[in-house]
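Read the structure below first, then the notes.
The values are calculated or read from the model by the stated rules, or taken from the named source; none is laboratory data. Quick caveat, the model's predicted, so the values are computed rather than measured. Quick reminder, even Gly has a Cβ in these numbers, built from the backbone with ideal geometry, and neighbours come from all protein chains shown.
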Amino acid sequence: MNKAAFADLAEYMDLLLDAICVVNKQHQFSYLSPGAARVFGYTPEEMIGRSMFDFMHPDDHQATMAIAQQVNSGNEVVQFENRYIRKDGSIVHLLWSARWSERDQMRVGVARDVSEQKQLEAEREALIARLEHMALTDPLTQLPNRALFYDRVRTSQTRAERDGGGLGLLYLDLDKFKVINDAYGHATGDQLLKGVAERIAASVRATDTVARLGGDEFVVLIDAVPTTDEGVDIVRTVAEKIRQAMQAPLILPHGEEVVTASIGMALWPKHGDTVDALINRADQAMYQAKRGGGNRLSE
């Protein structure tokens, strides 16, 4: 490698925000531009003669080795990312472009510090995730809201159509919520709803979805059930587990309360093709359960 030629350019290279790196086949640094100190946190003199893997984040060794072999074979590589550990222990995210110098039998690469962009991307993704969560989640119970529930039902229908199966839907309305909420206030009512939400969610299968539509109304999607009597039994079993879970008293600020639920049931495709049709059918069945005294399932 013609180090003198690089030295002649050094007074200009130190203006570069990027680092120019020259590495031999043994992955040892042969030359680094002055900008390396800003990028890696080490002076070029501290890095020359040492393996690049001495400074690289260990989780990125394998992927970087594969890229290095590509470059050694004569392939130009652009937009490759990895991480190095600076002298102060901080992590720097680097974006590389590299090519093989046949004349010098070395790799020549340019490293750009993209740590700030990575942080901004992570913050943006986290913000988007929070906004999506807010848009699709009931803020009180943290259960899916109506929009997300509708989407889950449609997805379940598509899968059921493909597999020749069905699905069940339960509609729940609490039997004593209004009395307690009016007597003890909204804070108590909110605590009651959160407690009920936890019990319902704990009573269903991992593949099912519990959602709060509003007020004291909850719905449950029972996914992937047969369209035979076995499927009906599965839905009934889930409903009974929920009903039994509601029998234990809830601990509220004013004392203990047993809050039961009236439950209506609907099946797809038997009781309707759309989400609204299923909800309406289950809602009607729920009112039948409530007229019958509550704390029961009606079909």
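Conditions tested, residue by residue: (1) without any contact (Cβ under 8 Å) to a residue 60 or more places away in the chain; (2) of a type in the set (D, E, K, R); (3) outside the structural domain of Trp268 (by TED's automatic domain parsing); (4) over 30 Å from Asp208 (Cα atoms).
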site: Phe55; (1), (2), (3), (4): yes, no, yes, yes
site: Ala63; (1), (2), (3), (4): yes, no, yes, yes
site: Gln69; (1), (2), (3), (4): yes, no, yes, yes
site: Lys87; (1), (2), (3), (4): yes, yes, yes, yes
site: Leu94; (1), (2), (3), (4): yes, no, yes, yes
site: Leu127; (1), (2), (3), (4): yes, no, yes, no
site: Leu131; (1), (2), (3), (4): yes, no, yes, no
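For Thr260, are the conditions met, namely being in contact with a strand residue (DSSP E or B) (Cβ under 7 Å, 6 or more places away or on another chain), touching a residue at least 60 places away in the same chain (Cβ under 8 Å) and among the hydroxyl-bearing types (Ser, Thr, Tyr)?
Considered against the rule, which asks whether it is in contact with a strand residue (DSSP E or B) (Cβ under 7 Å, 6 or more places away or on another chain), touching a residue at least 60 places away in the same chain (Cβ under 8 Å) and among the hydroxyl-bearing types (Ser, Thr, Tyr), Thr260 comes out as no.
Could you check the range 154-208 and list, in sequence order, the residues that are among the basic types (Lys, Arg) and out of contact with any helix residue (DSSP H, G or I) (no Cβ under 8 Å at 6 or more places or on another chain)? Let's see the steps before the verdict.
Narrowing the range 154-208 to residues among the basic types (Lys, Arg): 154, 159, 162, 176, 178, 194, 199, 205.
Residues satisfying the conditions are Arg159, Arg162, Lys176, Lys178, Lys194.
Quick one: Ile20 ticks every box in (1) surrounded by 16 or more Cβ atoms within 10 Å (Cβ to Cβ); (2) modelled with pLDDT under 95; (3) farther than 18 Å from Ser97 by Cα; (4) not small (Gly, Ala, Ser) except a single one, so which number is it?
Unmet condition: (3).
Might you check whether a residue that is exposed (fewer than 15 other Cβ atoms within 10 Å of the Cβ), closer than 23 Å to Leu193 by Cβ and more than 33 Å from the chain's Cα centre (by Cα) occurs anywhere in the range 256-276?
yes
Taking the range 16-46 only, how many residues are in a strand (DSSP E or B) and within 18 Å of Leu95 (Cα to Cα)?
Number of matching residues: 7.
Counting only residues that are assigned to a strand (DSSP E or B) and more than 25 Å from Val71 (Cα to Cα), how many does the range 84-142 have?
1
Conditions tested, residue by residue: (1) under 30 Å from Asp190 (Cα atoms); (2) under 27 Å from the mean Cα position of the chain (by Cα); (3) at pLDDT below 95.
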position	(1), (2), (3)
Asp60	no, yes, no
Val77	no, no, yes
Gly89	no, no, no
Leu94	no, yes, no
Gln105	no, no, yes
Val114	no, yes, no
Ala129	yes, yes, yes
Glu132	yes, yes, yes
Leu140	yes, yes, no
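For the range 156-181, how many residues are farther than 14 Å from Leu278 by Cβ and part of a helix (DSSP H, G or I)?
Counting residues in the range 156-181 that are farther than 14 Å from Leu278 by Cβ and part of a helix (DSSP H, G or I) gives 10.
Taking into account only those residues within the range 158-191 that are β-branched (Val, Ile, Thr) and within 20 Å of Gly214 (Cα to Cα), which is surrounded by the most Cβ atoms within 10 Å (Cβ to Cβ)?
Restricting to residues being β-branched (Val, Ile, Thr) and within 20 Å of Gly214 (Cα to Cα), the top hit is Ile180.
Name the residue that is surrounded by the fewest Cβ atoms within 10 Å (Cβ to Cβ), counting only residues in the range 47-78 that are assigned to a helix (DSSP H, G or I) and among the acidic types (Asp, Glu).
First, pick out the residues of the range 47-78 that are assigned to a helix (DSSP H, G or I): 47, 52-54, 58-72.
Add one more test, that the residue is among the acidic types (Asp, Glu), and what stays is 54, 59-60.
Details: Asp54: 13, Asp59: 9, Asp60: 16.
Filtering the range 47-78 for residues that are assigned to a helix (DSSP H, G or I) and among the acidic types (Asp, Glu), the one surrounded by the fewest Cβ atoms within 10 Å (Cβ to Cβ) comes out as Asp59.
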